[in-house]
1. Looking only at helices (runs of 4 or more DSSP H) that fall completely inside the range 138-211, which ones have 2 or more residues that are within 24 Å of ILE4 (Cα to Cα) and in the same structural domain as LEU115 (by TED's automatic domain parsing)?
2. Among the residues of the range 100-140, what is the count of those that are within 29 Å of the chain's Cα centre (by Cα) and either at pLDDT 80 or above or of a type in the set (A, V, I, L, M) (or both)?
3. What tally of residues in the range 112-124 results from selecting those that are in contact with a helix residue (DSSP H, G or I) (Cβ under 9 Å, 6 or more places away or on another chain) and exposed (fewer than 14 other Cβ atoms within 10 Å of the Cβ)?
4. What number of residues within the range 34-60 satisfy the criterion of being among the small types (Gly, Ala, Ser) and crowded, with 16+ Cβ neighbours inside 10 Å?
5. Output the residue which, of all residues in the range 207-219 that are of a type outside the set (Ser, Thr, Tyr) and in contact with a helix residue (DSSP H, G or I) (Cβ under 6 Å, 6 or more places away or on another chain), is farthest from LEU127 (Cα to Cα).
6. Can you tell me how many residues within the range 90-126 are assigned to a helix (DSSP H, G or I) and either in contact (Cβ under 8 Å) with a residue 12 or more places away in the chain or outside the structural domain of ASP182 (by TED's automatic domain parsing) (or both)?
7. On the given criteria, is LEU184 under 30 Å from ASP119 (Cβ atoms), at pLDDT 85 or above and either touching a Ser or Thr at 6+ places or on another chain (Cβ under 6 Å) or among the charged types (D, E, K, R) (or both)?
Amino acid sequence: MQDIFAVLFLTISVGKIPSIWAIGLLALPLIRPLLYKILDKAGHGELLVLYGFVLALIVGAGLFESLGMKADLGALIAGMLLAGHPSAKEMARSLFNLKELFLVCFFLNIGFGGLPQFDHLMIALVLSVLLAGKIVLYFLTLSKFKLRSRTSLFAAFSLANYSEFGLIVASLATYKGWLSRDWLIITAIAVSLSFIIAALLNKYADAIYDRYRLALKRYQATRLHLDDRPVRVGDAQILVMGMGRIGVGAYDALKTTYGEKVMGIDYNHLTTLQHREAGRRVITGDALDSDFWNKLQLTDKIKLILLAMPDHNGNRYAAEQLNNIENCTFKVAALAHYKTDEEELNALGVNLVFNMYEEAGAGFARHVWTDFQTILEKSPHKLDL
């Protein structure tokens, strides 16, 4: 919402009357199927990045600017047109590093405007202190939406920093003469400090929550939101944590042998519902949630836990929590992407660690060899191998 209002401010501040043809921009949603089709053809490589640039700079910024509208608004609208496409997140990830680079360049450009003075730093520190009030407001607001105190606190920490769009607004206001150059420097320092503070809060979020858990839970609703409730594993004997592509494959393979004794766990409730519709026994639970582990009731029936989350940090955190459970008799297996990840998981007590890339190659070879032998048995011309 900050970004949307900032772009609207930039648009209004131009002070130009748009062209009469700007009314035609209302028809932009009609070309969404064409944009989707092009995105499907772009694939996953360099063309995806190039298409993102073309969409933002030409379809968005260039078109709007030619009609007397602000280019920033055009880029925002162009991104919104693709927001519902399955590949939108992949495009965002592909452009993320470039976006961060441009943001750094923007900060440097502001820094060229003058060196900060002592009074600039003092005022910026005062503005940084106000972040505490922002965090409290976010925490209380999210708690009213029946989210757990942990979820509300972590979300508040994630939203703690001042938006970089505020810096863009200040830059434009300085250009227009509405703000002095001093306030632009103060805003830049305050935004930078807020990034540092937010990073530290997010890094130590678990420790902060564990220390003040009882006090924070006083603001937690009695009946929690459906997506934020802890869950139980019932009579399951095998747990698969992380129902992505690899987790689903492991679940289906185990289900053929152990049937309903296998249970999947995924943090996304919508994903859980899709798996249930497909006939899988899956529950919603966030393996990165310390409260989830505190309330998880693992019975003696649990024999095996598979950590199949795509992010190594998730598998590592889950392994740490499982390692803290006393008198456990179950075995733990986990996926790893790199040799260092494999060593780290082994050090945490994981019984079996599968290097995804190495195992994928071995599995591919076994699959090909099995099928090849079947073909040879059916062939009238057998080979001596």
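1. So the answer is 149-158, 164-176, 181-203.
2. Residues flagged as within 29 Å of the chain's Cα centre (by Cα) and either at pLDDT 80 or above or of a type in the set (A, V, I, L, M) (or both) within the range 100-140 amount to 21.
3. At the first step, the residues of the range 112-124 found to be in contact with a helix residue (DSSP H, G or I) (Cβ under 9 Å, 6 or more places away or on another chain) are 113-117, 119-121, 123-124.
Narrowing the set further to residues that are exposed (fewer than 14 other Cβ atoms within 10 Å of the Cβ) leaves 113-115, 117, 119.
The total comes to 5.
4. As a first pass, look at the range 34-60 and keep what is among the small types (Gly, Ala, Ser): 42-43, 45, 52, 56, 60.
Subsequent filtering for residues that are crowded, with 16+ Cβ neighbours inside 10 Å retains 42, 52, 56, 60.
The number of residues fulfilling the criteria is 4.
5. Taking the range 207-219 and keeping what is of a type outside the set (Ser, Thr, Tyr), we get 207-208, 210-211, 213-218.
Next cut, in contact with a helix residue (DSSP H, G or I) (Cβ under 6 Å, 6 or more places away or on another chain) only: 216-217.
On the way: LEU216: 25, LYS217: 28 Å.
Here the answer is LYS217.
6. First, the residues of the range 90-126 that are assigned to a helix (DSSP H, G or I): 90-111, 118-126.
Okay, now just the ones that are also either in contact (Cβ under 8 Å) with a residue 12 or more places away in the chain or outside the structural domain of ASP182 (by TED's automatic domain parsing) (or both), so 90-91, 94-95, 98, 103, 106-107, 110-111, 120-121, 123-125.
So the count comes out to 15.
7. Values: under 30 Å from ASP119 (Cβ atoms): yes; at pLDDT 85 or above: yes; either touching a Ser or Thr at 6+ places or on another chain (Cβ under 6 Å) or among the charged types (D, E, K, R) (or both): yes.
For LEU184, the condition - under 30 Å from ASP119 (Cβ atoms), at pLDDT 85 or above and either touching a Ser or Thr at 6+ places or on another chain (Cβ under 6 Å) or among the charged types (D, E, K, R) (or both) - is met.
One line per residue, one yes/no per condition, for (1) in contact (Cβ under 8 Å) with a residue 12 or more places away in the chain; (2) assigned by TED's automatic domain parsing to the domain that holds LEU239; (3) not hydrophobic (A, V, I, L, M, F, W, C):
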site: THR284; (1), (2), (3): yes, yes, yes
site: LEU296; (1), (2), (3): yes, yes, no
site: LYS301; (1), (2), (3): yes, yes, yes
site: ASN315; (1), (2), (3): yes, yes, yes
site: ASN327; (1), (2), (3): no, yes, yes
site: VAL332; (1), (2), (3): yes, yes, no
site: LEU348; (1), (2), (3): yes, yes, no
site: GLU358; (1), (2), (3): no, yes, yes
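The values are calculated or read from the model by the stated rules, or taken from the named source; none is laboratory data. Keep in mind that what you see is a predicted model, and the values were worked out from it rather than measured. For neighbour counting, all protein chains shown are included, and Cβ atoms are generated from backbone atoms with ideal geometry for every residue, glycine included.
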